[in-house]
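First comes the structure, then the notes that go with it.
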Amino acid sequence: MSDWKPILDAIVGARHGGGVEGLAARLRDLDARYPHTPEIAAELAFTLASSGDLNGALAAYERALVLGLASPAEQANTLVGHAVCLLRLDRPADAAAALERARAQFPEHAEFAAYLAIALHRSDRANAAFALLLDTLLNTSDDIGLSAHQRTLRNSL
């Protein structure tokens, strides 16, 4: 086990237990001690975004992604966090580009399509956003009525 892992687990555990005081400072300290650890950068990014430091979060998300997360689940979550951060910074075109890349990497993750629809809508591409949302709904719903009308709904766009 890596030297940093138990420390990160303790910090993240404190967050889940409601202990958020000083969390960003503890993560920054750990990140400074282990600057090439994408898991630490990703947790720092999430914490900074949650506290409203969007520019700091964006830098940490981007560093985590460049360093490369080993777990596909962590990679996907970091990609979502990065895109949401871009949306919150009112950079919908950048968010859309990031989400398109994320969808190519993780086509089975419907959350990327949902966030991409938001980015497209904020980029004044309402028709593309609506079509994407409808397609996502039809691809992910088990509703019998939607299944029965899927072809007509798709052809109505």
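Values in this text are rule-based calculations from the coordinates and carry no lab data. None of these values were measured; they are calculated from a predicted model. So basically every Cβ, Gly included, is an ideal-geometry build from the backbone, and we count neighbours across all protein chains shown.
Quick rundown of the values:
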quantity: Value of [θ]222 nm, deg cm²/dmol, for the chain, DSSP H segments ≥ 4, -39500 (n - 2.57) each, nearest 500; calculated: -24000 deg cm²/dmol
quantity: Val12 paired with Ser147, simple spin-label distance in nm, labels 7 Å along Cα-to-beta-carbon; calculated: 3.6 nm
quantity: Relative contact order (percent, whole number), the chain, Cα cutoff 8 Å, 6+ residue spacing; calculated: 12 percent
quantity: Max mean-square fluctuation residue, GNM over the chain, Cα-Cα springs under 10 Å, options Ala59, Ala95, Ala117; calculated: Ala59
quantity: Linear extension gain, Ala25 paired with Ser71, 0.36 nm per residue minus alpha-carbon span; calculated: 14.1 nm
